Amino acid sequence: MGRENILILILINTNKFKSAGTMVMRVKRIFLLFYVLLFTLTPLVSVYPDINPAKFESAKNHFRKGVVYFNNMQYLAAADFFRRAVQEYPDYYSARDYLARSYKLSGFKSTALTELNKTLEIYPDNIAIKNRIESLHFRNAYSGDDSDVNYLLQSEYKSSEMKKFSFPDAADMAVDNERNLYITSFSVSKVVKIDPNGVGEEIIRPGFGGGLYGIDIFNKTFAVSDFKSDMVYIFSDKGKMLKKFGGSGNGEGFFHGPKGVCFDRKGFLFIVDGGNYRIQKFDVNGRFVLSFGKMGDYESELANPTDIAVLGENVYVTDTSNKKIVVFDHYGNYVKEILMDELLSPRGISVKGNSLVISDEKSGVIIYDTLSGAKTLFSSWGSESKPDWDKERKLN
């Protein structure tokens, strides 16, 4: 009996000893974890004292959506999400990096350069950013990207008169019946009007909206799409805003990155709703009529719709990623596709007589006769040469 008691006591004492040892180990682990967290989080808090977890999470969500559009080669739609991510969290390096890449791949190299310089201000020792800035400076100087618009204008207007009314990152233009030229400037969000004598004025002052893109004229009014704000505005020819409609979304009358706009002869307005892969039609009062088109790579489908033109009973849409022109009727019914070897990256499209004037980032300007199918290519240029508008060649 005594031995049993002693044995029991020994077991009890041993368990107490083991329990005490376990407690000591647990306390040590807790203190160790505390110090690890303390020394890990302290630098983060000191570097980003104003970090807001909710905003950072929102920025990450915008960034993820932007990456999806970027991987689908919808660079302007991607840029919109990357820009939102940067607004939520200015030090978001990946978002800033992708924002610059998106602008560059969309053709807005000056805007891309601006974004890279902003990134360099935050990360001044980043060698990769410095190299990209130098490379972009070199390419701009060599290819003459910033002088392409001046080159076109100098054939008709004096360059000295244009300097005051410069339009960086020109996105679209339209001509009224009095031969006044209207040009949208994406990066500074303004519209410049130039009369036949070369006298210019900022009919829409810089900073209006987020990023003005497409423009078209009907009678004494003109419509402008705002890519960044997902809005469409109707102005008088004097620059007075008459109405606006739209908003962000995918429902009827809402947009996600509106691009090209075009009136038909009755005043109906067709708008390329790029991020929603569709075309929307509105009446003269801005009321929604119908929408058509869907995302895809097959017939009647759109991967990156950019601009739009109306000729007769047909509506022509440039699909930059699919390298084609998709044709619909006024009711949204699919008619056909226009395919040609010269369509490498078609963007702008307009009408002259029975012909389509198509601007292609890689091929040049293509004149396509819708009746005969004849094609004429003006100014074929590559990434390292300037356009030569005195040359043209007939295409088979």
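Throughout, read-outs are computed from the coordinates displayed, never taken from laboratory work. Keep in mind that this is a model prediction, so the values were computed, not measured. For neighbour counting, all protein chains shown are included, and Cβ atoms are generated from backbone atoms with ideal geometry for every residue, glycine included.
If r is the Cβ-Cβ distance from residue 126 to residue 264 and R0 is 51 Å, what FRET efficiency results, to the nearest 0.05?
FRET efficiency, residue 126 to residue 264: 0.55.
One chain, two ends: residue 369 and residue 199. Fully extended at 0.36 nm per residue, the span grows by 57.9 nm beyond their Cα-Cα distance.
Structure note, pairs 193/220; 109/375; 190/238; 324/375; 228/259: Cα-Cα distances above 19 angstrom occur for 109/375. Residues whose amide H comes within less than 5 Å of that of residue 278, counting only those at least five positions distant or on another chain, are 273 (H built at 1.01 Å from N in the peptide plane). Were the residues from residue 236 through residue 250 laid out at 0.36 nm apart, the gain over their Cα-Cα distance would be 2.2 nm. Potential lengthening of the chain between residue 175 and residue 352 amounts to 62.6 nm, from the contour at 0.36 nm per residue minus the alpha-carbon distance. With both labels modelled 7 Å from their Cα along Cα-to-Cβ, the residue 114 to residue 341 distance reads 4.0 nm. Backbone geometry of the stretch 251-260 corresponds, through the Karplus equation with coefficients 6.51, -1.76 and 1.60 at θ = phi - 60°, to 3J(HN,Hα) couplings of x, 5, x, 10, 10, 9, x, x, 10, x Hz, x marking Gly and Pro. 3J(HN,Hα) along the stretch 329-340, derived from phi through the Karplus expression 6.51 cos²θ - 1.76 cosθ + 1.60 where θ = phi - 60°, amounts to 8, 5, 9, x, 7, 5, 10, 5, 10, 10, 10, 7 Hz, with x in place of Gly and Pro. According to the calculation over all Cα-Cα pairs in the stretch 146-395, the P(r) per 10 Å bin from zero is 7, 32, 38, 21, 2 %.
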